């Protein structure tokens, strides 16, 4: 209304706003661009390096190849889901159903790959690896589309919608699997009864010495990075998350963008679930339990603003690695599982507190 | 009433924001039982001065004395202890709470054991509302009240704290004539009790009605302080503007082209009724109206942001259907929104902000050429003289005027040939205003047609080739350039 004062916006990203910069400060700022750049973007990376350095001193096993391969496999699933979650959070949404979508995709695919099922009188399966893979992706994508549909058509908060579908997808998964792990001892004896070899290879195999799951996660991260940086769609995610009203006035369809982002997230969950089942050599309706919170933690640790509009998938990859390395390290150090949870929770809080401080300190 | 010692003395108050020197060594004082009017254009620094006094904005330098004693750093709590009460221009009530709860917010009367004393709250609220002579149910939710009632509730809230100094920031902007009279009555009452009142306004007519002294601010500096009986409207206006009209409003006249936009029978529920107008190439069509006359809805409706009841829209003679902003952009429309915060994407740097509207025309999977984007942005930064240390600067860190230019660049980039400016100068300083007007001229020279919605009479009178006056969602008058006076506009608008 009145005087030209830049209004302090409410979001916590603006904490560093009214700060006038003198010419001297400008020069000093340019001089230390690199340090600032690292301090600004490299925070999570620094945390990961420090943590790894500590563990390599603290445990003789940490730097062993077999252990590093193991950490990579563990982190890969979180990373894949976190990429989907990053896109959602960037567009100012949140998806609580990622674990459930991963589980339902893997369960449906696993059932169809190991059993003969009758659907509407048509006998079906067991299907081969490729069809099973496509089924997992399709189920995940469909689940994501349903999330997007409910949020945009039902006009309800993302949090509530995905909290609801989290339960629904878990429930459908239980119905599909009969509450049993797949393959179960009941089906393992009939037919071929085991998950296909390539699926297990995806989860726990290696390619040229590198864990396949890790390569898949890396590929997903690169695709996510590319979408965000080089496509009109990625821009729309940033714009919708950064200022919904401005995006709308600029011709971006909010509903279409949100629908797309949840669909992509579902697709990634289908992939993540499939890889996870390959690693476990089994699927069940309750697998990937807690992954919704792990993925959100990875995203936030990675520096993406929980309220949308800024961040990226590279940070989330680092975030997933921090979570994985921490869990692994605590096991190596023989910390009890009870204490592990306390420490993991503390680390999430500390990293984000540090990150907020760093942003206030170094943002111009 | 007036003692020699001023109740409040502010010395050499200085405050800067990035790109704006909001207050430049301002001196100001206030006596007991006095109403001191602060007058100035938008962006002159009035709100900043009172916000410093209420503790919500820290000053860069300068000293403040009350009853001759220096007071140090101010924050909202400290200001309240000192008896400084402020009625904000943007209402600061909690919409989901009742009027009574809002009035006692932060100081709810309690019984023993810390239990809230609801009876005391409701009775107290009733009393203080009645003391204002208003008929508001203390238990009504704030969001169910109209703006004037909310404003009065806010005033009641401040008065329960029995302030010694009352700061009123444009208190009448939302009030009807009746309510305004009542407010003036309350102000007279408070004066008799010895309260000192700082009254912010940009309406000259109010000055003699409420004030004893008036201080005029311009571009963050004090132009002068006069007793009200020495200040006539003409003199005050000159002090406020302080520069030649030609310098402030660099209007250039160009030959108008053919009609580029024609609107017929536009209606929108109960908000807009049977709107018809035509816009030509190179024309600035002013639409004037008081707050809530439907101008904003008109802009949004044309742009596909409101579902239209009926309308025939012709662009360059072709009838078109605009159902959403993406289609509006495709037909060459651009909209500079009233609230700048609705325009910028604050945490993104300049280039993505500039290309946003153009990108929305792309298929989602289409790849971006980031090199081109930077080149294009560089061109607009040069052309529009956007002041920024680098392109990577997130736009939230630009000054208001530069943010406005970034949004303008977005529409140039999307190829807009019909621009709707909704209050284009709101919240930017005087220098930036002149620049925005200059850019509007440049646009018209290129054949762009501009719809300029404004409630600032001087600027619309100076800049528009034609003025349509709006009231209650309808056009009530049309004037050619130079035909209308401020009185004509006001008469048809209210």
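The values are calculated or read from the model by the stated rules, or taken from the named source; none is laboratory data. Note that the coordinates shown come from a computational prediction; the quantities given were computed from them, not determined experimentally. All Cβ positions, glycine included, derive from the backbone under ideal geometry; neighbour counts span all protein chains shown.
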Given (1) in contact with a helix residue (DSSP H, G or I) (Cβ under 7 Å, 6 or more places away or on another chain); (2) assigned to a helix (DSSP H, G or I); (3) under 22 Å from residue A:310 (Cβ atoms), number of the condition residue B:402 does not satisfy = (1)
State yes or no: is residue B:164 surrounded by 14 or more Cβ atoms within 10 Å (Cβ to Cβ), over 25 Å from the mean Cα position of the chain (by Cα) and within 30 Å of residue B:46 (Cα to Cα)?
-> yes
Name the pairs: first residue in the stretch B:131-149 and touching a residue at least 40 places away in the same chain (Cβ under 8 Å) and assigned by TED's automatic domain parsing to the domain that holds residue B:179, second residue loosely packed, with under 14 Cβ neighbours inside 10 Å and assigned to a loop (DSSP other than H, G, I, E, B), Cβ to Cβ under 7 Å, at least 6 apart or on different chains?
-> B:141/B:96; B:142/B:94; B:142/B:95; B:143/B:95; B:143/B:96
What about residue A:276, is it surrounded by fewer than 24 Cβ atoms within 10 Å (Cβ to Cβ) and in contact (Cβ under 8 Å) with a residue 40 or more places away in the chain?
-> no
Of everything in the stretch B:382-399 that's within 9 Å of another protein chain (Cβ to nearest Cβ) and either modelled with pLDDT under 85 or in contact with a helix residue (DSSP H, G or I) (Cβ under 8 Å, 6 or more places away or on another chain) (or both), which residue is nearest to residue B:41 (Cα to Cα)?
-> B:399
Can you name the residue in the stretch B:11-25 that is out of contact with any strand residue (DSSP E or B) (no Cβ under 9 Å at 6 or more places or on another chain) and assigned to a strand (DSSP E or B) and, of all such residues, is modelled with the highest pLDDT?
-> B:17
Helices (runs of 4 or more DSSP H) fully within the stretch A:64-162 counting 3 or more residues that are out of contact with any helix residue (DSSP H, G or I) (no Cβ under 7 Å at 6 or more places or on another chain) and under 28 Å from residue A:209 (Cβ atoms) = A:65-90
Determine whether residue A:47 is closer than 29 Å to residue A:204 by Cα and at pLDDT 90 or above.
-> no
Keeping to the stretch A:281-313, report how many residues are surrounded by fewer than 21 Cβ atoms within 10 Å (Cβ to Cβ) and assigned to a helix (DSSP H, G or I).
-> 1
Determine whether the stretch B:324-331 contains at least one residue that is in contact with a strand residue (DSSP E or B) (Cβ under 6 Å, 6 or more places away or on another chain), surrounded by fewer than 24 Cβ atoms within 10 Å (Cβ to Cβ) and either part of a loop (DSSP other than H, G, I, E, B) or facing another protein chain (nearest Cβ under 7 Å) (or both).
-> yes
Checking residue A:124 against (1) in contact with a strand residue (DSSP E or B) (Cβ under 8 Å, 6 or more places away or on another chain); (2) within 27 Å of residue A:321 (Cα to Cα); (3) surrounded by fewer than 21 Cβ atoms within 10 Å (Cβ to Cβ), which single condition isn't satisfied?
-> (2)
Do we have any residue at all in the stretch A:281-294 that's more than 24 Å from residue A:343 (Cβ to Cβ) and within 14 Å of chain B (Cβ to nearest Cβ)?
-> no
Which of the residues spanning the stretch B:426-465 are more than 14 Å from residue B:486 (Cα to Cα) and part of a strand (DSSP E or B)?
-> B:449, B:450, B:451, B:452, B:453
Filter result for residue B:120 (touching a residue at least 24 places away in the same chain (Cβ under 8 Å), assigned by TED's automatic domain parsing to the domain that holds residue B:32 and surrounded by 13 or more Cβ atoms within 10 Å (Cβ to Cβ)) = no
Some residue of the stretch B:210-225 being touching a helix residue (DSSP H, G or I) at 6+ places or on another chain (Cβ under 8 Å) and part of a helix (DSSP H, G or I) = yes
Sort out which residues of the stretch B:332-360 are over 26 Å from the mean Cα position of the chain (by Cα) and within 7 Å of another protein chain (Cβ to nearest Cβ), and write them in order of number.
-> B:352, B:359, B:360
Having 2 or more residues that are exposed (fewer than 15 other Cβ atoms within 10 Å of the Cβ) is the bar; report the strands (runs of 3 or more DSSP E) wholly within the stretch B:264-322 that clear it.
-> B:272-280, B:310-315, B:318-320
Which residue out of B:64, B:52 is more than 14 Å from every other protein chain (Cβ to nearest Cβ) and touching a strand residue (DSSP E or B) at 6+ places or on another chain (Cβ under 8 Å)?
-> B:64
The listed residue being modelled with pLDDT under 90, surrounded by 14 or more Cβ atoms within 10 Å (Cβ to Cβ) and either assigned to a helix (DSSP H, G or I) or in contact with a helix residue (DSSP H, G or I) (Cβ under 9 Å, 6 or more places away or on another chain) (or both), out of A:194, A:169 = A:194
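One line per residue, one yes/no per condition, for (1) part of a helix (DSSP H, G or I); (2) surrounded by fewer than 23 Cβ atoms within 10 Å (Cβ to Cβ); (3) in the same structural domain as residue B:217 (by TED's automatic domain parsing):
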position	(1), (2), (3)
B:374	yes, yes, no
B:391	no, yes, no
B:409	yes, no, no
B:412	yes, no, no
B:424	no, no, no
For the stretch A:250-268, state whether one or more residues are under 30 Å from residue B:366 (Cα atoms), within 14 Å of another protein chain (Cβ to nearest Cβ), in contact (Cβ under 8 Å) with a residue 24 or more places away in the chain and not in a helix (DSSP H, G or I).
-> no
Complete set of residues in the stretch A:235-249 that are within 8 Å of chain B (Cβ to nearest Cβ) and within 22 Å of the chain's Cα centre (by Cα) = A:235, A:236, A:238, A:239, A:242
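Here's the yes/no breakdown for (1) over 26 Å from the mean Cα position of the chain (by Cα); (2) crowded, with 16+ Cβ neighbours inside 10 Å; (3) not assigned by TED's automatic domain parsing to the domain that holds residue B:140:
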| position | (1), (2), (3) |
| --- | --- |
| B:25 | no, no, no |
| B:38 | no, yes, no |
| B:54 | no, yes, no |
| B:61 | yes, no, no |
| B:75 | no, no, no |
| B:87 | no, yes, no |
| B:94 | no, no, no |
| B:114 | yes, no, no |
Scan of the stretch A:138-149 for residues that are more than 14 Å from residue A:100 (Cα to Cα) and surrounded by 20 or more Cβ atoms within 10 Å (Cβ to Cβ), ordered by number | A:148
